[in-house]
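The values are calculated or read from the model by the stated rules, or taken from the named source; none is laboratory data. Keep in mind that this is a model prediction, so the values were computed, not measured. All Cβ positions, even for glycine, are placed from backbone atoms using ideal geometry, and neighbour counts span all protein chains on display.
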Amino acid sequence: MQVNKTLEKAIRILFPFLPKRLKHYFLEFLCKRKGNVFFIKNTVNISALPKGINFKNIIWGDKTTINKNTTIENNRLLILEDEATIPANSKLTSSYKQSLPLIIPNTKTKKRFEQLNYPIIIVLGTGRSGTESIIKTLNQSDDNLGYHEPFDELIALSTCLLHKKISRDQAKNILYHVFKNFDHQNKNVIISDQKFANLIPILNELFVNIKFLWIIRCPRDFIKSSYSRGWFSDKEFGFSENPNTPETYSSSIYSSFRIDGSKCNEFTEKVWMKMHPFEKNCWYWYFWNKTIETHVKVLPQNRYRVFDLYTLNKNVNELSNFIGTPKFEYIIAKSNVANYEKIDNNWPDSWLLYQKKWCDDYYQHLQLKYDL
């Protein structure tokens, strides 16, 4: 693991000066690394690289030139900034569910944007918190156009920004082009995604009329679900696995871009490596909800609402008014029911201590402050 990291660091420094054949070799090496994102520095010309390489997970710098007939298969993240060049006969593939342009060529990284003026509501949560159910519920009204996690590349974008692999301006540029081209059909656009928490300030800058709907699930139920799916398992980070931890049921793109607490300055790498996966899930519930609260509490009160997952049925009228469909009677839908074996309720004392350490006091704070 350390050898790979040292080699990667050396490649990053030496890349602009390497012969073209070595550039090709090292790019192939980096592309195959799970979860890796490699930033090619500005004005690097790789146009003479052999054709046929499938580039994945690469962020291209300013004025980078790509060889004609090169296949760029993007199932992670590909950012083309400031006059990057793609020949017309190159093959580009996209994993967008909404057929939006995943590749963003020839776009200047702007400091100022014209704000987007269609109404949008962003549903926030940790994942495994009922946000997909909210979309199904709100789509009962023809006035709404709701999608659950429609943009695969935001999975990478959010984590890359958090890990400081891309700048805030780069993230803003990408989000602007994603939403600028969104077919809103003159309806209330509602998008839920577990990766939006650290993107809230940027989204708030991009839209004239944006609201945030924060769904909170009690930590015990969230952790029981997320840990059972193998979230934060050691295999996601390339560590030696703890015995008796669940299999990973999470999709590979989420595992590849799982938040690393040591890369967002919350822990040292040594401490993060030693943490039990169960504790990492407890920490994540706290960290992600705290990130959401930090960003929404500075907004005007009419711009956000906080709901407990289990009391939504009692608050349907408030939800309806906030969405902007006060006369519509929603029926709360259920979705994304677990199709895997969950851990039982007999948690070891050490697990209960992890929950107490990270979650219990903060959850009580949320319940009192937001009347959950």
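Odds and ends about this structure:
- Scan of the range 177-217 for residues that are of a type in the set (A, V, I, L, M) and out of contact with any Lys or Arg (no Cβ under 8 Å at 6 or more places or on another chain), ordered by number: Val178, Val189, Ile190, Ile191, Ala197, Leu199, Ile200, Leu203, Val208, Ile215, Ile216
- Put simply, of Leu319, Leu299 the only residue that is assigned to a loop (DSSP other than H, G, I, E, B), in the same structural domain as Cys218 (by TED's automatic domain parsing) and touching a strand residue (DSSP E or B) at 6+ places or on another chain (Cβ under 8 Å) is Leu299.
- Qualifying residue in the range 323-343 (condition: assigned to a helix (DSSP H, G or I), in the same structural domain as Gly230 (by TED's automatic domain parsing) and surrounded by 11 or more Cβ atoms within 10 Å (Cβ to Cβ)): yes
- Per-region count, the range 305-359, residues under 18 Å from Trp285 (Cα atoms), of a type in the set (Val, Ile, Thr) and at pLDDT below 90: 1
- Gly130 closer than 23 Å to Gln367 by Cβ and either surrounded by fewer than 21 Cβ atoms within 10 Å (Cβ to Cβ) or not aliphatic (A, V, I, L, M) (or both): yes
- Residues that are surrounded by 20 or more Cβ atoms within 10 Å (Cβ to Cβ) and β-branched (Val, Ile, Thr) within the range 203-232 comprise Ile210, Ile215, Ile216, Ile223, listed in sequence order.
Quick grid of which residues meet (1) free of Cβ contacts under 8 Å to residues at least 24 places away in the same chain; (2) part of a helix (DSSP H, G or I); (3) in contact with a Phe, Trp or Tyr (Cβ under 9 Å, 6 or more places away or on another chain):
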residue	(1), (2), (3)
Thr126	no, no, yes
Glu132	no, yes, no
Ser141	no, no, yes
Ile155	no, yes, yes
Lys164	no, no, no
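- Residue check, Val271 at pLDDT 90 or above and either in contact with a His (Cβ under 8 Å, 6 or more places away or on another chain) or in a helix (DSSP H, G or I) (or both): yes
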